Amino acid sequence: MKKKYVLLKSEKYKLMISLEEIDFDYYTDVCVELIFDKKSIILFKDNLLALKNIINQYIENIDILDVNLDENRLGILLNDFYLGLYENQFHDNLILDNQERWIGEKYCCFSSLEYVTWIYKYDENIIMKVTPIFGGFEEDDYLQEYCKFIQEYNDIFREAVTLQQLLCIKKMIIELYNRLFKK
């Protein structure tokens, strides 16, 4: 039976972690789920150690969004970067660092096959944002499908969060990790 824990809760949304505690080991997946507007999406599905490491990295170092990036287009720009990786040719709208990586990637906290979760500072707020990922690069007509995806594109979720809320999430994940692995 899956056990669920509330990581963050507001009037508009809930962030949950669920896991199977019986026979739990380092390879057991945990799911981070966002529930809002009568929808539920899985933001992360991997082992607890991976989640703990990601949360440690991002909560300690929340970056201010680079002024060269359009906050409203982060998800589109990431998908454009993935398109460039697939085609081995980047569009001019992308700003790449000296290692050919898009400068916006550092704001991606974690991703699944369908969604990317972003955490960054913008206009004196900490923003948690979820955007969709195009998943059809392996299709023959991927360019046509990609253009349709971009035309219909909408961010999925965007809310300001406090540092205190993020620190509580981090604390809960570390406590859960310690309880399950330091018996």
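The values are calculated or read from the model by the stated rules, or taken from the named source; none is laboratory data. What you are looking at is a predicted structure, and each value in this text was computed from that prediction instead of being measured. A quick note on method: Cβ atoms are made from the backbone with ideal geometry, for glycine too, and the neighbour counts reach across all protein chains shown. Ligands, DNA and RNA are excluded from the accessible area calculation, which covers all protein heavy atoms including side chains. Shrake-Rupley method; radii C 1.70, N 1.55, O 1.52, S 1.80 Å.
What to note about this one:
- Check on Ile42, under 13 Å from Phe110 (Cα atoms), in a strand (DSSP E or B), open to solvent by 50 Å² or more (accessible area, probe 1.4 Å) and at pLDDT 95 or above: yes
- For Arg101: the one exception among (1) of a type in the set (Lys, Arg); (2) open to solvent by 30 Å² or more (accessible area, probe 1.4 Å); (3) in contact with a helix residue (DSSP H, G or I) (Cβ under 9 Å, 6 or more places away or on another chain); (4) touching a residue at least 40 places away in the same chain (Cβ under 8 Å): (4)
- Scanning the stretch 148-179 for residues being under 22 Å from Ile76 (Cα atoms), open to solvent by 60 Å² or more (accessible area, probe 1.4 Å) and not polar (S, T, N, Q) gives a total of 3.
- Scanning the stretch 1-39 for residues that are open to solvent by 70 Å² or more (accessible area, probe 1.4 Å) and of a type in the set (Lys, Arg), we see that the one that is modelled with the lowest pLDDT is Lys2.
- Test: Glu145 is surrounded by 14 or more Cβ atoms within 10 Å (Cβ to Cβ) and of a type in the set (Asp, Glu): yes
- Leading residue by the ranking (modelled with the lowest pLDDT) among those in the stretch 113-132 that are touching a helix residue (DSSP H, G or I) at 6+ places or on another chain (Cβ under 9 Å) and either open to solvent by 30 Å² or more (accessible area, probe 1.4 Å) or assigned to a helix (DSSP H, G or I) (or both): Asp123
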